[in-house]
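No lab work stands behind these numbers, since they all come straight from the coordinates. Given the structure is predicted, the values throughout are model-derived calculations rather than measurements. Reconstructed Cβ throughout: ideal geometry from the backbone, glycine too, with neighbour counts over all protein chains shown.
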Amino acid sequence: MSHVRSAHAVGTNKSKGADGPSTSSVLKGAQNAWDLLSDEQSRRHINTGSADLNNILGGGIHCKEVTEIGGVPGVGKTQLGIQLAINVQIPVEYGGLGGKAVYIDTEGSFMVERVYQIAEGCISDILEYFPHCHDKAPAGQEKLKPESFLADIYYFRICSYTEQIAVINYLEKFLEEHNDVRIVIIDSVTFHFRQDFDDMALRTRVLSGLSLKLMKLSKAYNLAVVLLNQVTTKFTEGSFQLTLALGDSWSHSCTNRLILYWNGNERYGYLDKSPSLPVASAPYAVTIKGVRDAVNSNSKRVRVM
Amino acid sequence: MRPAAPARHSSASSSSSTYSQQEPRPENPLLLLPSSRAGKLSLGCPVLDRLLSGGLPAASVTEIAGESASGKTQLCLQLALLAPLSPLSASCLFLHSDLPFPLRRLRGLAPKSRPDLLDHVLVAAAHSPSDLISLLSRAHHLLTHHPGRLPVRLILIDSIASLFRADFDASPADLKRRSALFFRISAKLKELAHRHRCVVVVTNQVVDVVEGEAGNTVAWSSGRRVSPALGIAWANCVNTRLFLTRDADGPGGSARRRMKVAFAPHLPERACEFVIRRDGVFGVEPAER
């Protein structure tokens, strides 16, 4: 029952999301269309760090949905994953969700020193945008330390696909005990499934089982699930083309899909799939502070080459 | 894969299977911060260390890609000799696929006063991908039991590309088989890196850029447009990619060499110049030129 209490605590907070998701979590499944609509409208988003990306995503990464983010190595998937794990923690009084994050690292790219840097960048931006709030709220000021942002990420490092399955199965129990988690990030969902699988049909079954489970968790615990995916070359119609890994059946298992790509020297996000939003793309940048809007060409970040 | 140890070492034989039986437990990133910052292996040069924010990270796989004679092997040998003296205080496991092992170069690099440094370099040859996989499966034992020797905290593989030179066609089926092996090798390396807080370095060769291989790192080196070998599948297998390039020979003497951070989870894309000297690879301050 502690789960319900906390959903209330989030909802009754002085800011916008006053009619929180508490009713739906008490009566699971009992919702009419009106409930669904008001639920959708009150639903909060997780800021990506870039206003342009938020824009094409309809406000940010959606809670209660599974979002897949794919792209080539080095384009910024992990950077965006870490950014979301930090931004989900932005306190409610600063327009955030004030939640915690679960980060499931399958590749070893979660570098804590970088997480610290991104947390610092997030805090310095908050203080810049809310100077008056900062003066008025000494209690909130105490909370804004990169250390506490780091400590509010539950970090799982897994080294095989059996461990990956075990962690995802364990999440149900974990999230029940930690009902302030608002995002689960898997970086990447792909890596351990690209080794030799003797039985490809088994792989497909395991993966669709995982995605189904994650979708249920996102609804039941009102959190966003973000799955990072790799890019692979696929041989079609006589030529090699870039496509997201894990095959065609997997591509149906996420609600939203954002593809990150290079356009010359600039990074872009492309919303490839969404139940409600049009296909669109927008530039973004990865800076020392983290994921941000791409700046105009005249003040472009200098590339030392 | 054979069991690594007799029954009395059962705790060491397969940590992954024992791990998955207990409940997964999250770690607190805040507690990992000090070791993430301090657990870096210096390259023995302040300029290169600054490029890499202190050196090569532990528990992570770093690729060093470059054309032949770009300094890859030299860097590996240098790291092997630095590891025992570094705060890591480690021996290294040097897996080489290019025969023979460059023993003379290693001896030439070792300071005359410290011939004992060579004792901390464990060498094994891998002739094929399956060779490498079985070596890595047995490495677990080597990494947990180190009587009378510094623990192995550095694994060097020189080079990954030469393992895949033969036995593979460009047919889709072979490419699939090949990339499955990449992911197996990489998963094994990352597991060793994570469980033993190892620095893992893998060198890679370059290939000329061909159409249809979009998505991979591209750079100019010696007047050629090149990418690290093994395609985008392998690019997915490393955490950090360092690219060693060389300007086309100009009229004014020796060509400039650069070390670029092509991608890294903890570093911005940036580069610095370096030189290869008899005593090693060293970065050059921009002002020194």
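For this structure, a couple of remarks:
- Centre separation in Å (Cα based) which lies between the range B:216-265 and the range A:170-205: 34 Å
- Of the residues B:Phe183, B:Phe243, A:Phe130, the one with the fewest other Cβ atoms within 10 Å heads the list, and the complete ranking is A:Phe130, B:Phe183, B:Phe243.
- Paired Rg and Dmax values of the range B:179-242, which use every Cα atom, in angstrom: 13.3, 42
- Structural descriptor for chain B: relative contact order 23 percent, calculated from alpha carbon pairs under 8 angstrom and at least 6 residues apart.
- Using every pair of distinct Cα positions in the range B:38-288, the Kirkwood expression returns a hydrodynamic radius of 18.5 angstrom.
- Violating pairs (Cα-Cα greater than 22 angstrom) within the set A:Lys77/A:Lys145; A:Lys77/A:Lys100; A:Lys100/A:Lys216: A:Lys77/A:Lys145
- Rh (Kirkwood; distinct C-alpha pairs) - the range A:140-237, Å: 15.5 Å
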